[in-house]
1. Keeping to the stretch 73-96, report how many residues are among the acidic types (Asp, Glu), more than 30 Å from the chain's Cα centre (by Cα) and outside any helix (DSSP H, G or I).
2. Residues in the stretch 123-132: is at least one in contact with a strand residue (DSSP E or B) (Cβ under 8 Å, 6 or more places away or on another chain) and modelled with pLDDT of 70 or more?
3. Out of the residues in the stretch 174-213 that are modelled with pLDDT of 90 or more and among the hydroxyl-bearing types (Ser, Thr, Tyr), which is nearest to residue 315 (Cα to Cα)?
4. Residues that are closer than 22 Å to residue 309 by Cα and touching a strand residue (DSSP E or B) at 6+ places or on another chain (Cβ under 9 Å), at least 1 per element: which helices (runs of 4 or more DSSP H) completely within the stretch 183-262 meet that?
5. Across the stretch 142-175, which residue is farthest from residue 299 (Cα to Cα) among those that are β-branched (Val, Ile, Thr) and in contact with a Pro (Cβ under 9 Å, 6 or more places away or on another chain)?
6. Please go through the stretch 75-98 and pick out each residue that is surrounded by 19 or more Cβ atoms within 10 Å (Cβ to Cβ) and in contact (Cβ under 8 Å) with a residue 60 or more places away in the chain.
7. Which condition number in (1) at pLDDT 85 or above; (2) outside the structural domain of residue 339 (by TED's automatic domain parsing); (3) touching an Asp or Glu at 6+ places or on another chain (Cβ under 7 Å) is the one that residue 411 fails?
8. Report yes if residue 367 is closer than 28 Å to residue 150 by Cα, outside the structural domain of residue 176 (by TED's automatic domain parsing), surrounded by 17 or more Cβ atoms within 10 Å (Cβ to Cβ) and at pLDDT below 90, otherwise no.
Amino acid sequence: MENKATLLMIGPMEIGQQEFVARMEEKGWCISTACSLAQAQILLEAADHDAGIFYLPQASTKELKEMEKLVIRSQMEWMALVHGPELDDPLLCKALGNLFMAYQAEPIDIDQIDCLMQHAVAMKRLRREEATAQLPKEAEFEMVGTVPAMRKVFDTIHRVASVEAPVFIRGESGTGKELAARAIHERSQRVSAPFVAVNCGALPSNLIQSELFGHEKGAFTGASQQKIGQIEAAAGGTLFLDEIGDLPLDLQVNLLRFLEEKAIQRIGALDEIYVDVRVLTATHVDLEKAVEEGRFREDLYHRLNVLQINIPPLRERQEDIETLAKFFFDKFIEEKSMKVRGFSQEALVLMRQYHWPGNIRELINRVRRAMVMCEQRLIKPADLGLERRTSSRNVVTLEEARNCAEREALLRALGRNKQKVKKAAEELGVSRVTLYRLIEKHGLDRKAEEASCP
């Protein structure tokens, strides 16, 4: 091996195991040893390793579960060394089949193990290169996206974070409006102060005023003690009012007064309290229409809508769906079934074709459910609840079916070739001019492709 690969060896270091470590080092491996799972976890957190070997004596059910967690978290290939008689243990055999790329029963063949481990290292590096190529170019507080509309969102977040004016965030339910608000807060000068989020649509109408403005002890029946409202709790920081369109008209007056005077009055109090807080708001309803219908005050609307961010629905971000799915797969990796390694190509295709009425929230739920319930190595459409008949309802003409297949071929070719237009064109058997025309036809990001072209 030209470059020494790092190998983590876990198990009791008996004389035979020590000899094994020495012989593997002679073959060019750099080996770390751990006598226990706890020690192994410390080593994995301290430094990256390319592959691992477990020496598996008879293990209890609890030990096998701990071993499973460590293998899943490590995201690298593992091999097991066992005694022959231990293969009669059904629990151990199940662990071998689900967690390890290979196992070897004594007597140990060093040359064979060396060969297997080199393959394990090659596979990890291949997956790392693929993951690096697919990393989102932009991300804000777990908002992931590469399409032009999302880059515009990220750019707007950067611009508005540095000023104090109110920001109105528009988008359908589940698109990540609160994440955008948190991203603004995290990039603002108020980052060290509180971020308080209030869902106006989730509060009972008789409690909204108390929740926002607070109350004094004895202000009304049941007010047994003083309560600090959410506006006051956000002092010095950021207040995010989600679903502001559901705020009752009488409270809209109070909110408008606070925005103008920067002062609040608790229910039952005589004095006003000055509160320095930046207000961000969001809604999925059409506030302009609500203003026309008299359900929302026009003066409050203009006070809130100084700066605006529009978050696109997921159905308009098909190029991001695979990246988002893998992002959330990695985020919730400790919840997954021990067999699952990723998504099948059929699942990824159908995910791009699906309408996603619940947007990012629905995507997260489907991915997490599939990670738990999938019994195969790769997540399939059925695991996500996306059958072909579900997505095919959107394709009603032959022309639409052709366009769908053409777009999918473009996305896959560009993905395989790391967004390099020249190589993708050669693979598809078309000229670069034709490929650029197809990129424009299907609304793909031509600027990004040109930037990555050699």
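The values are calculated or read from the model by the stated rules, or taken from the named source; none is laboratory data. All figures in this text were calculated on a predicted structure; none of them were measured in a lab. Please note: Cβ atoms are built from the backbone with ideal geometry, for glycine as well, and neighbour counts cover all protein chains shown.
1. Residues in the stretch 73-96 being among the acidic types (Asp, Glu), more than 30 Å from the chain's Cα centre (by Cα) and outside any helix (DSSP H, G or I): 1 in total.
2. yes
3. That would be 175.
4. 249-261
5. Per the criteria, the residue is 146.
6. Scanning the stretch 75-98 gives a single hit, 81.
7. (1)
8. No, not satisfied.
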